[in-house]
Amino acid sequence: MTPALSCTGLTYSFGTSKAVDGLDLLVRPGEVFGLLGPNGAGKTTTLRAIATLLPVPPGVIHVFGHDAARQKMAVRRLLGYVPQQLSADAALTGRENVALFARVFDVPRRHRAARVGQALDAVGLGPEAHRLAATYSGGMVRRLELAQALVSAPRLMILDEPTIGLDPIARDSVWDRITEIRVGTGMTVLVTTHSMEEADQRCDRLALMHLGRLRALGTPAELKNELVAHREESGDAALPPPTLEDVFRYHSGSGLDDPGSPGEKGAFNDVLRTRRTASRRG
Ligand SMILES: Nc1ncnc2c1ncn2[C@@H]1O[C@H](COP(=O)(O)OP(=O)(O)OP(=O)(O)O)[C@@H](O)[C@H]1O
């Protein structure tokens, strides 16, 4: 079966600094695949490369068999992308925001109104579609952004921290919509999150990145079982059963506050993101 996504030796540098370093990934059609890693691990850079927003040589990224470098437009037609940054316009209504994306993504004119309505209904915003996005809560804005990405009926949905800054109820609501849409359409989902609980409960398989490289790959249960095996080898078998957070710490180290650590590099990103979220919610 053709993979939904394959990356072979994906490498991307900003100047002399390698953000992604020889990453191999294979995402199966229909799965929810989580990309985990500490701040600065290279997750967003990976997603942006897959979304054809960063230049990558031919032969490195394929989306449903299409080369992201040679067949950029074909790949873009298959993708929905919800970035970390705010993509909804506060001065437009929910419906206008989604309609704008329908035009940008070239949804045929005769299908546009229906597709906009379907996307809004899919995220539960149908009844609120007439309201200005400025009046939406943080969770509603995130669902609106999901609707914007859905309007082109993507086969691969890329979500960069879709629940950042949301309360637990809004988070569940966003995830419940993602799950419903996936079940209804067979859409593949590639998602980043810093929530180990979400990764554990909502993702079929996970890849853990650190310093631009793949450190671990498997289902949440496989990753936890691997850690049990590592502990047995090193004589730590008496510890309580590992959580996904233990797996994360094992592969990423815990020195996120160490000077010069990869976490420090991501600190500015963190600050930016928190502020973006605050402005989204305000
Ligand atoms: N536009 C840029 N210019 C220079 N360096 C960048 C740029 N974007 C990212 N980087 C660097 O690339 C590395 C990977 O960043 P990236 O944003 O991909 O990580 P991430 O895993 O998504 O982090 P976070 O969890 O904080 O979003 C980091 O060291 C970051 O500082």
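The values are calculated or read from the model by the stated rules, or taken from the named source; none is laboratory data. Fair warning: this is a prediction, and the values are worked out from it, not measured in the lab. Every residue, glycine as well, gets a Cβ built from its backbone with ideal geometry; the counts of neighbours run over all protein chains shown.
Identification of helices (runs of 4 or more DSSP H) wholly contained in the range 1-116 with 1 or more residues that are touching a strand residue (DSSP E or B) at 6+ places or on another chain (Cβ under 9 Å), at pLDDT 95 or above and within 13 Å of the ligand (Cβ to nearest atom) yields 43-50. The residues of the range 1-26 that are surrounded by 19 or more Cβ atoms within 10 Å (Cβ to Cβ), under 26 Å from GLY253 (Cα atoms) and touching a Leu at 6+ places or on another chain (Cβ under 8 Å), listed by number, are CYS7, LEU10, TYR12, VAL20, LEU23, LEU25. Of all residues in the range 149-180, those that are among the β-branched types (Val, Ile, Thr), buried (at least 19 other Cβ atoms within 10 Å of the Cβ) and more than 16 Å from the ligand (Cβ to nearest atom) total 3.
Selection of first residues in the range 47-62 that are farther than 20 Å from THR193 by Cβ and of second residues that are within 16 Å of the ligand (Cβ to nearest atom) and of a type in the set (A, V, I, L, M, F, W, C), restricted to Cβ pairs under 6 Å at least 6 apart or on distinct chains, gives the following pairs, ordered by first then second residue: VAL56/ALA49; VAL60/LEU10; ILE61/CYS7; ILE61/ILE50. Just one of the numbered conditions (1) hydrophobic (A, V, I, L, M, F, W, C); (2) buried (at least 19 other Cβ atoms within 10 Å of the Cβ); (3) part of a helix (DSSP H, G or I) is not true of ALA229: (2). Confirm whether GLU198 is more than 23 Å from PRO3 (Cα to Cα), within 16 Å of the ligand (Cβ to nearest atom) and part of a helix (DSSP H, G or I). So GLU198 fits the description; yes. Residue count for the range 185-195 satisfying the condition of being within 16 Å of the ligand (Cβ to nearest atom) and buried (at least 22 other Cβ atoms within 10 Å of the Cβ): 4. Being among the polar types (S, T, N, Q) and buried (at least 20 other Cβ atoms within 10 Å of the Cβ) is a condition met by at least one residue of the range 85-97.
Residues checked against (1) in contact with a Phe, Trp or Tyr (Cβ under 8 Å, 6 or more places away or on another chain); (2) farther than 29 Å from LEU26 by Cβ:
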{"residue": "ARG115", "(1), (2)": "no, yes"}
{"residue": "ALA119", "(1), (2)": "no, no"}
{"residue": "ARG143", "(1), (2)": "no, yes"}
{"residue": "LEU146", "(1), (2)": "no, no"}
{"residue": "LEU150", "(1), (2)": "no, no"}
{"residue": "LEU156", "(1), (2)": "yes, no"}
{"residue": "ASP167", "(1), (2)": "no, yes"}
{"residue": "SER173", "(1), (2)": "no, yes"}
{"residue": "ASP176", "(1), (2)": "no, no"}
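Scanning the range 170-192 for residues that are modelled with pLDDT under 95 and touching an Asp or Glu at 6+ places or on another chain (Cβ under 8 Å) returns ARG171, TRP175.
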